[in-house]
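Encoded as C-alpha cells, the structure appears first; notes follow it.
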Amino acid sequence: MSDKKNSNEMWGGRFASGPAAIMEEINASIGFDQKLYAQDIQGSLAHAAMLAKTGIIAAEDHDKIASGLNTILSDIENGKFTFSRKLEDIHMNVESRLAELIGASAGRLHTARSRNDQVAVDFRLWVKAEFEKTAVALKQLIAAFLKRAEEHAATLMPGFTHLQTAQPVTFGHHCMAYVEMFGRDLSRVKDAIERMDESPLGAAALAGTGFPIDRHMTAKALGFREPTRNSLDSVSDRDYALEFLSAAAITATHLSRLAEEIVIWSTPQFGFVRLSDSFSTGSSIMPQKKNPDAAELVRAKTGRITGSLVGLLTVMKGLPLTYSKDMQEDKEAVFDAAETLELAIAAMTGMVGDMTINTAAMKKAAGSGYSTATDLADWLVRELGLPFREAHHVTGRAVALAEQKKVDLGKLSLADLQEIHPGITDAVFGYLTVDKSVRSRKSFGGTAPEQVRRQIKFWQKRIGKL
C-alpha cells in the first residue's frame, strides 16, 4: 500500500488530498467575507488617492488603480466576478484581479498597508453602515408604536405583574413602554457609532508605517471622524463588532418580550389582539387554528443573536496583542446577527401596525382580579388618614370578602365595607372603577391618558432629533 493511499485514507472524504485541503478549508474566508467587497474597494480607492497625493505613488499608477478597482466593483455587482477559494479572502481576490487588469501598477496599491489594517477598516465600514440601518429600522418601529399609542391613549387594559392582573392601565401606556425600550436601543446604536467612528487604515500590520502617509485624509474620505490613535489597538480591536452584537442582543431581547406578549394576547383565552393573515399561519390538521408564527420566530431568533455575541466574546477573550487569525471568526457571527435583527425588527414593525386591537376584551379584563384594590387602599389613606399598611390590611379583607361573595370589589355593599372599617362612606365607590383608577394615575410617567399623551408628544419631538 503506497504512502499516498495511506495519506488519503487518513484524511478521507472532502479532504482526500491531505493536509493542504484541510488548510485551505479552514483558512479561506472568501465564502463569507466577499460580503465586504464594496468596503474593500472603497478603502483601496481612498488609500490609492492618498498615496498619490503624498507622492508615494505616481499619478499614472493611481489612475490605473482607480480605473481597475471601479471595473472590479462593477463586475462584482453585475455578477461577472469569479471568487477563488485559493486566494483566501476578499482582499487577495480583488488584488489578484486588479493585477490581471492593470499589470504592475496593481502592486503599488498595497504600499504602506497590511491586510491587518485593511480588514479592520473594511469591517468597521460595514458595521458602521449596519448600525445606521438598524437606527433607521428602530425609528420606524418606534413610529409604529407612537401611532398605536396615540390611537389608544385611553383604551383600558389590565396591567400585569407576574402575569397576574395588577392594576388597570391603558394600551397606549403599554405601547409607550416599548417606545422607551426601543428608544434605549436606538440610543445605544447612536453611542456605538460615535465610539467606533475612527479609521484604522494606515496602522499597517501593527506598528504603523515609515511612508509619509496622511491618515486624516483617508479617514475623511471614508466618512470617519478621525483616524485611530494607536496602531496596535487599531488592528486588534473588535469592540465595534462586540458592541453591535451586544446592542443587537438587547434589542432582540426587547423584541422577544413583545413577541411573547403578542403570542399570549392573540390566544382565545385573552383575545386582546388579532393578527392578520400576513403575520399568521394555519394548522395542517386543525382548520380553526391561526398561529402567530411571525411573533414566535422573532422570539426564537433572539437566542441566535445572543449566541453570536457569546461566541465572539469567547473568541476575543484570550487573544494577545495584536492580530491573530482567530479574528477571522468575527464576521460570520456579525453578518448573521445583522441579517437576523433586520428581519426581526421589520416583522415586528409590521405586526404592530397591522394587528387589530380588541378594546372590549381589554376593558373587560382590566377590571378582573380585583385590579382596583390599590385604589381602595389609596382612598383609605387619602380620605380616612389611615397608615398605608393598615389600609393595605383593610383592603385585603375587602378582597377576601368579595372573593367569598364572588363579586367584583366595587359590587360589595356599603354595609359590607363598613363592617370591615366603619369610616368607609359611599364616596369610595366612585374610585373603584377601572376608568377612574386609570385617570387618577396622573404622576409623571403614569398611565392617565393625559400623561400618556404628554409622553407621546415628547417622543414625537425626540425621535426627529435622533
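The values are calculated or read from the model by the stated rules, or taken from the named source; none is laboratory data. As the structure is a prediction and not an experimental result, all values here were calculated from the model. With ideal geometry, Cβ positions are generated from the backbone for all residues, glycine too; neighbour counts draw on all protein chains shown. Side chains are part of the model used for accessible areas, which takes the heavy atoms of the whole protein and leaves out ligands, DNA and RNA. Shrake-Rupley method; radii C 1.70, N 1.55, O 1.52, S 1.80 Å.
When region 75-84 is limited to residues that are among the hydrophobic types (A, V, I, L, M, F, W, C) and not in a helix (DSSP H, G or I), the one that is farthest from the chain's Cα centre (by Cα) turns out to be F81. Of the residues making up region 352-365, one or more are under 30 Å from T134 (Cα atoms), part of a loop (DSSP other than H, G, I, E, B) and in the same structural domain as F279 (by the TED database).
Scanning region 85-126 for residues that are outside any helix (DSSP H, G or I) and either basic (K, R) or within 22 Å of S67 (Cα to Cα) (or both) yields D89, L109, H110, T111, A112, R113, S114.
Considering each residue of region 408-438, count those that are open to solvent by less than 20 Å² (accessible area, probe 1.4 Å), among the hydrophobic types (A, V, I, L, M, F, W, C) and not in a loop (DSSP other than H, G, I, E, B), and give that number.
Initial filter on region 408-438 (open to solvent by less than 20 Å² (accessible area, probe 1.4 Å)): 409, 412, 417, 424, 428, 432, 437-438.
From what is left, the residues that are among the hydrophobic types (A, V, I, L, M, F, W, C) are 409, 412, 417, 424, 428, 432, 438.
Cutting the leftovers down to not in a loop (DSSP other than H, G, I, E, B) gives us 409, 417, 428, 438.
Residues that pass the stated criteria total 4.
On the stretch given as region 351-364, residues that are out of contact with any His (no Cβ under 8 Å at 6 or more places or on another chain), of a type outside the set (K, R) and either open to solvent by 20 Å² or more (accessible area, probe 1.4 Å) or without any contact (Cβ under 8 Å) to a residue 24 or more places away in the chain (or both) total 6.
Within region 45-69, residues that are without any contact (Cβ under 8 Å) to a residue 40 or more places away in the chain sit with their Cβ atoms under 9 Å from residues that are acidic (D, E) and surrounded by 17 or more Cβ atoms within 10 Å (Cβ to Cβ), at 6+ positions apart or across chains, in these pairs: A52/D61. Of all residues in region 168-220, those that are in a helix (DSSP H, G or I), of a type outside the set (S, T, N, Q) and over 19 Å from the mean Cα position of the chain (by Cα) total 9.
Of the residues making up region 54-74, one or more are open to solvent by less than 10 Å² (accessible area, probe 1.4 Å), in a helix (DSSP H, G or I) and touching a Ser or Thr at 6+ places or on another chain (Cβ under 7 Å).
For E95, the conditions (1) farther than 30 Å from E339 by Cα; (2) in contact with a His (Cβ under 8 Å, 6 or more places away or on another chain); (3) open to solvent by 40 Å² or more (accessible area, probe 1.4 Å) all hold with the exception of (1). Within region 129-140, can one find any residue that is assigned to a helix (DSSP H, G or I), open to solvent by 60 Å² or more (accessible area, probe 1.4 Å) and in contact with a strand residue (DSSP E or B) (Cβ under 9 Å, 6 or more places away or on another chain)? No - not one qualifying residue is present in region 129-140. Return yes when A346 is in the same structural domain as R124 (by the TED database) and touching a residue at least 12 places away in the same chain (Cβ under 8 Å) and no when it is not. Yes: the conditions hold for A346. If you go through region 439-464 and keep only what is modelled with pLDDT of 95 or more, open to solvent by less than 70 Å² (accessible area, probe 1.4 Å), part of a helix (DSSP H, G or I) and out of contact with any helix residue (DSSP H, G or I) (no Cβ under 6 Å at 6 or more places or on another chain), you end up with P449, Q451. L384 meets the conditions (1) among the aliphatic types (A, V, I, L, M); (2) at pLDDT 95 or above; (3) more than 38 Å from the chain's Cα centre (by Cα) in every case but one. The failed one is (2).
Let's see how each residue does on (1) crowded, with 17+ Cβ neighbours inside 10 Å; (2) touching a Ser or Thr at 6+ places or on another chain (Cβ under 6 Å); (3) in a helix (DSSP H, G or I):
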{"site": "L232", "(1), (2), (3)": "no, yes, yes"}
{"site": "L242", "(1), (2), (3)": "yes, no, yes"}
{"site": "A252", "(1), (2), (3)": "yes, yes, yes"}
{"site": "S256", "(1), (2), (3)": "yes, yes, yes"}
{"site": "A259", "(1), (2), (3)": "yes, no, yes"}
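Scanning region 221-230 for residues that are part of a strand (DSSP E or B) and either without any contact (Cβ under 8 Å) to a residue 12 or more places away in the chain or buried (at least 19 other Cβ atoms within 10 Å of the Cβ) (or both) turns up just one, P227.
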